[in-house]
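Okay, so here's the structure we're looking at.
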Amino acid sequence: MTSAVLKRSSYSAMRSVAGALAIGGSSKLRAYAAVAAGTDIVSAAPNVSLQKARSWDEGVSSKFSTTPLKDIFKDKKVVIFGLPGAYTGVCSQQHVPSYKNNIDKLKAKGIDSVICVAVNDPYALNGWAEKLQAKDAIEFYGDFDGSFHKALELDKDLSVALLGPRSHRWSAYVVDGKVKAFNLEEAPSDFKVSGADVILGQI
């Protein structure tokens with residue numbers, strides 16, 4: 001993903017909500033999204049399901065089944081991160097590798113699953129995950145119509161980079177559906193607060 005192009009589409013918010021809470025919970029700093037520390041992520045996106053990454057044949061054999069959010073988060077400690085799209089630069093070179101390379105540290109902290117979600121179909125995500133050799137460490141889910149990110153107000157128009165409707169770059173630590181820490185990058189091309197190194201310090 002071309003940094004110079006995406007920086008022109010940057011939004012004006014700050015954006016590590018967990019960081020703000022850690023320094024005293026500033027009322028001057030708010031999340032420009034419907035999700036923040038304390039949010040019930042399942043209630044915030046009611047009736048939304050995600051699509052687990054798989055091959056086309058697996059999709060057919062599963063009758064194109066989807067996974068309700070409650071099945072992903074209920075009674076689990078989950079680290080979830082969202083990114084603009086499969087096969088793009090920062091996502092491929094930094095974001096996913098940061099979690100893949102730290103999976104043992106995350107599991108040692110009691111994390112049940114690490115999830116990557118993107119506004120892609122599950123088949124493209126599956127091919128990308130296999131290319132990155134990350135499927136053994138990370139669960140990949142498609143948000144094919146963007147409904148999950150729209151519900152959380154994390155959707156982003158990246159038409160400037162020929163990507164169309166996508167999402168912001170973000171991460172969260174979620175326990176039994178409740179967001180404990182949330183980080184939002186200032187621009188989709190940034191990689192400052194949404195990586196595994198930051199979330200490890202928030203668990």
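The values are calculated or read from the model by the stated rules, or taken from the named source; none is laboratory data. Values in this document were obtained by computation on a predicted structure and should not be read as measured data. Note that each Cβ is placed from the backbone with ideal geometry, even for glycine, and that neighbours are counted across all protein chains shown. Calculation scope for accessible area: heavy atoms of the full protein, side chains included, ligands and nucleic acids excluded. Shrake-Rupley method; radii C 1.70, N 1.55, O 1.52, S 1.80 Å.
Remark: Tyr123 matches the filter, which requires a residue to be surrounded by fewer than 23 Cβ atoms within 10 Å (Cβ to Cβ), outside any loop (DSSP other than H, G, I, E, B), in contact with a helix residue (DSSP H, G or I) (Cβ under 8 Å, 6 or more places away or on another chain) and aromatic (Phe, Trp, Tyr). Kindly check whether there is at least one residue in region 167-174 that is of a type in the set (S, T, N, Q), touching a helix residue (DSSP H, G or I) at 6+ places or on another chain (Cβ under 9 Å), open to solvent by 30 Å² or more (accessible area, probe 1.4 Å) and in contact (Cβ under 8 Å) with a residue 24 or more places away in the chain. No, because not a single residue in region 167-174 is of a type in the set (S, T, N, Q), touching a helix residue (DSSP H, G or I) at 6+ places or on another chain (Cβ under 9 Å), open to solvent by 30 Å² or more (accessible area, probe 1.4 Å) and in contact (Cβ under 8 Å) with a residue 24 or more places away in the chain. The set of residues in region 86-120 that are modelled with pLDDT under 95 and at positive phi contains only Tyr87. The residues on offer are Phe182, Phe140, Phe148, and the sole one that is outside any loop (DSSP other than H, G, I, E, B) and in contact with a Cys (Cβ under 7 Å, 6 or more places away or on another chain) is Phe140. For region 154-179, a residue qualifies if it is in a loop (DSSP other than H, G, I, E, B) and either farther than 15 Å from Phe81 by Cβ or in contact with a Leu (Cβ under 7 Å, 6 or more places away or on another chain) (or both), and the qualifying residues are Leu158, Leu162, Leu163, Gly164, His168, Arg169, Asp176, Gly177.
In region 58-73, the residues that are touching a residue at least 24 places away in the same chain (Cβ under 8 Å) reach residues that are assigned to a helix (DSSP H, G or I) and open to solvent by less than 40 Å² (accessible area, probe 1.4 Å) with C-beta atoms within less than 7 angstrom, at least six apart or across chains, in these pairs: Gly59/Pro122; Leu69/Ile41; Phe73/Ile41. Taking every residue in region 107-123 that is farther than 20 Å from Asp71 by Cβ and pairing it with any residue that is open to solvent by 30 Å² or more (accessible area, probe 1.4 Å) and among the hydroxyl-bearing types (Ser, Thr, Tyr), at least 6 positions away or on another chain, the pairs with Cβ-Cβ distances below 8 Å are Tyr123/Ser55.
When region 139-165 is limited to residues that are charged (D, E, K, R) and at pLDDT 85 or above, the one that is farthest from Val78 (Cα to Cα) turns out to be Asp145.
Each residue in region 175-203 was checked for being more than 20 Å from Val48 (Cβ to Cβ), of a type in the set (Val, Ile, Thr) and open to solvent by 10 Å² or more (accessible area, probe 1.4 Å), and 3 pass. Here the condition is being of a type outside the set (Asp, Glu) and farther than 15 Å from Val119 by Cα; of Phe144, Phe182, it holds for Phe182 alone.
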